[in-house]
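Heads up: the structure comes next, in structure tokens.
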Number of protein chains: 2
Amino acid sequence: MGIKERRERERQITKQGILTASLEIARQSGWSAVTIRKVGESIEYSAPMVYQYFASKEEILLELLRIGFDELGQAMQEAIASTEDKTERILRAADAYWQFAQNNPERYQLMHGLGGVTLAPEAFAASIKQTCELAENILVDWAQAKGVTLEDPLGAAEIVWSLLHGLVSVSLAERVQGGKDRARNLVQRSIQDLLKAWSIP
Amino acid sequence: MGIKERRERERQITKQGILTASLEIARQSGWSAVTIRKVGESIEYSAPMVYQYFASKEEILLELLRIGFDELGQAMQEAIASTEDKTERILRAADAYWQFAQNNPERYQLMHGLGGVTLAPEAFAASIKQTCELAENILVDWAQAKGVTLEDPLGAAEIVWSLLHGLVSVSLAERVQGGKDRARNLVQRSIQDLLKAWSIP
DNA sequence: TACTTTATTTAACAACGTTAAATTTTATAA
DNA sequence: TTATAAAATTTAACGTTGTTAAATAAAGTA
């Protein structure tokens, strides 16, 4: 009597369909164009059917947000694991962050309340904190390896992350002249500059 | 026959009322709560009357955006004019930027597409560019005074501004631990750090 | 006072998120 | 296989949004 199980499998497929459809609409037309009716149409159901899978539109966005932060965290972890050099580690983690934002602009928007996303600030808080702690860890590692004493490690992490987030935000809004590659170099260079300043007593 | 003039005066007052009402609603309940009907109610008119003053809701937001960038630019200009010391000048300009964002969070959101604001990216571009050019100017001045050669002055300006914008964004979303004062110090310190790095060959 | 113009409001439309009711489809039991 | 219960799905509807058209009220002019 695997009928219940089959149903559950179908449910998961449809649920995933809702998520990918939402993401696709956002990719094509921005987050304000993501409507329940359009999502329903995408999965070839009537609009109210969406509510059999998510309690509200906000829940869809929150789920996508969670997935996004998971993937970003994973990408950064891989970057960190890819080298033993503490400085290079920071630069690669930053580049992983940068690449994620460039390859998934609409998800980055969702994860940071950009591009007309209406999500309560509390939604971001936890995941952001996690990313920031990760940044703090690799900075502390770096400082230790270099024999540098960071008087405010969390502050340093927040600075690096803010710089990164600022450049990404600006780049995503296509406000930086010279295209993505230039902005990418800017990220790398500015972080190196910060590390340089922190290396000197 | 000053009847036409009186009408025009009244018109300007009502127009201003629409702008301040929109800002007030956003301040109290966020930008997604700013609706034409509520704005109409605020100025004690029916909703459609708003369209006698602005062609669309977007036009209201764009006007507020323009005013916001004007005021921000003015505040930064005053900060710049307040000292001859090139380094202090940069720090004061950054603090003016910071103070504007803290004192007008909903306007800062509007000006940068935060907090559920749905405005086309093109809307920001011009004004942002202006602010960035201002940053470039004071950085070039600083470099000249310090005998430093900035190989990419615009890039340096974009870095400083991104750092500033990143910290402001994070602070406005109340994601920084330790409150506003700590974040303000972070801004000052990080910019000093960048300048320090750029001072060294 | 009568008429024209202007100012303002009410009604309405399409689209939104969401819920309730109606309907169709599917599974179960005789 | 057919009647019935359960589940799945859709249609209709509510209140809200931005916006426009039509109706009404007010003001100015002759």
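Nothing in this text is a laboratory measurement; each read-out follows from the coordinates by a stated rule. Fair warning: this is a prediction, and the values are worked out from it, not measured in the lab. Note that we place each Cβ from the backbone using ideal geometry, even for glycine, and neighbour counts take in every protein chain shown.
Points to keep in mind about this one:
- Candidate set: the range B:28-37, residues that are in contact (Cβ under 8 Å) with a residue 60 or more places away in the chain and part of a helix (DSSP H, G or I); chosen: the one farthest from DNA strand C (Cβ to nearest atom): B:TRP31
So that you can scan it fast, the table gives a plain yes or no per residue for (1) part of a helix (DSSP H, G or I); (2) surrounded by 11 or more Cβ atoms within 10 Å (Cβ to Cβ); (3) among the charged types (D, E, K, R):
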position	(1), (2), (3)
B:GLU5	yes, no, yes
B:THR14	yes, yes, no
B:ILE18	yes, yes, no
B:LEU23	yes, yes, no
B:ALA26	yes, yes, no
B:VAL39	yes, yes, no
B:TYR45	no, yes, no
B:TYR51	yes, yes, no
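- Unmet requirement for A:VAL148, which otherwise passes all of (1) assigned to a helix (DSSP H, G or I); (2) in contact (Cβ under 8 Å) with a residue 24 or more places away in the chain: (1)
- Residues satisfying the stated conditions in the range A:151-182, i.e. more than 8 Å from chain B (Cβ to nearest Cβ) and part of a helix (DSSP H, G or I): A:PRO153, A:ALA156, A:ALA157, A:VAL160, A:VAL168, A:SER171, A:LEU172, A:GLY179, A:LYS180, A:ASP181
- Residue in the range B:57-65 that is under 17 Å from the mean Cα position of the chain (by Cα), within 22 Å of B:GLY115 (Cβ to Cβ) and of a type outside the set (A, V, I, L, M, F, W, C) present: yes
- When residues of the range A:1-29 are limited to those that are of a type outside the set (A, V, I, L, M) and over 19 Å from A:GLU63 (Cβ atoms), the one farthest from DNA strand D (Cβ to nearest atom): A:GLN28
- Where A:ALA120 falls short, out of the listed (1) aliphatic (A, V, I, L, M); (2) within 10 Å of chain B (Cβ to nearest Cβ); (3) over 22 Å from the mean Cα position of the chain (by Cα): (3)
- Put simply, of A:LEU65, A:LEU23, A:LEU61 the only residue that is out of contact with any Cys (no Cβ under 8 Å at 6 or more places or on another chain), within 14 Å of chain B (Cβ to nearest Cβ) and more than 13 Å from DNA strand C (Cβ to nearest atom) is A:LEU65.
- For the range B:99-125, taking the residues that are under 15 Å from B:GLU71 (Cα atoms) and among the aliphatic types (A, V, I, L, M), the one that is surrounded by the fewest Cβ atoms within 10 Å (Cβ to Cβ) is identified as B:ALA101.
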